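Here it is, the structure, as structure tokens.
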Amino acid sequence: MKATNGNRVRRLGFGVMLGFGAVAVLGVAQASNAAQGKVIFDAQCAACHSVKPGVNGIGPSLYGVYGKPAAHVAGFAFSAALKNSHLVWNKVTLSKFLANPQAVVPGTKMPYLGLPSASKRAEVIAYLKNPEAK
Ligand code: HEC
């Protein structure tokens, strides 16, 4: 009886360990996505955007942009087009916008032709979501 219980406990322990392992692996996968995203961001976005709070350049600071309504950053003169877009930035809206800003928000003043690769857009979005990830 005792032995059986012990086995069950051991098996449970193993299962829990597997569970933690899977979560850890997922965490690493997300972090490396963000790291890839940083490389793309630095090459294609950083000329106009910072991910630091309150640092507006040619484009607004993108600090904490994920989950926020479009054109919410204080102190940046957004286009009327973006202000009136009523978009909320999430995985779907960001991916569409970054694929072709002018098509999604006609009249936006973001002078960027778009990032055609869906996987690269996903990486940039992972980075925007968590710029601290390594
Ligand atoms: C040449 C400058 C430039 C480049 C390059 C650029 N942007 Fe922008 N971005 C802007 C400007 C200007 C705006 C404001 C648009 C408006 O008001 O219509 C903007 C707006 C945005 C917004 C909306 C912000 C908000 O608060 O609603 C996001 C998100 C964004 N850019 C992401 C990116 C990403 C990611 C890249 C790189 C893949 C990028 N941008 C490349 C200039 C740029």
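The values are calculated or read from the model by the stated rules, or taken from the named source; none is laboratory data. Since the model is a prediction, treat every value here as computed from it, not as a measurement. Every residue, glycine as well, gets a Cβ built from its backbone with ideal geometry; the counts of neighbours run over all protein chains shown.
Identify the residue in the range 111-125 that is among the aliphatic types (A, V, I, L, M) and buried (at least 21 other Cβ atoms within 10 Å of the Cβ) and, among all such residues, is farthest from Tyr66 (Cα to Cα).
Step by step, filter the range 111-125, then rank; the result is Val124.
Restricting attention to the range 47-78, which residues are of a type outside the set (Phe, Trp, Tyr), assigned to a loop (DSSP other than H, G, I, E, B) and closer than 18 Å to Asn130 by Cβ?
Within the range 47-78, Ser50, Val51, Lys52, Pro53, Val55, Ser61, Leu62, Gly64, Val65, Gly67, Lys68 meet the criteria.
Right, Pro111: modelled with pLDDT of 95 or more and touching a His at 6+ places or on another chain (Cβ under 8 Å) or not?
Against the criterion (modelled with pLDDT of 95 or more and touching a His at 6+ places or on another chain (Cβ under 8 Å)), Pro111 does not qualify.
Out of everything in the range 79-93 that is of a type in the set (A, V, I, L, M) and outside any helix (DSSP H, G or I), what residue ends up being nearest to the ligand (Cβ to nearest atom)?
Checking each candidate, the answer is Leu87.
Identify all residues within the range 94-128 that are β-branched (Val, Ile, Thr) and either touching a strand residue (DSSP E or B) at 6+ places or on another chain (Cβ under 7 Å) or within 9 Å of the ligand (Cβ to nearest atom) (or both); write none if there are none.
Correct list: Val105, Thr108, Val124, Ile125.
Looking at Gly37, Gly54, Gly64, can you tell me which residue is in contact (Cβ under 8 Å) with a residue 60 or more places away in the chain and more than 7 Å from the ligand (Cβ to nearest atom)?
Gly37 is the lone residue from the list that is in contact (Cβ under 8 Å) with a residue 60 or more places away in the chain and more than 7 Å from the ligand (Cβ to nearest atom).
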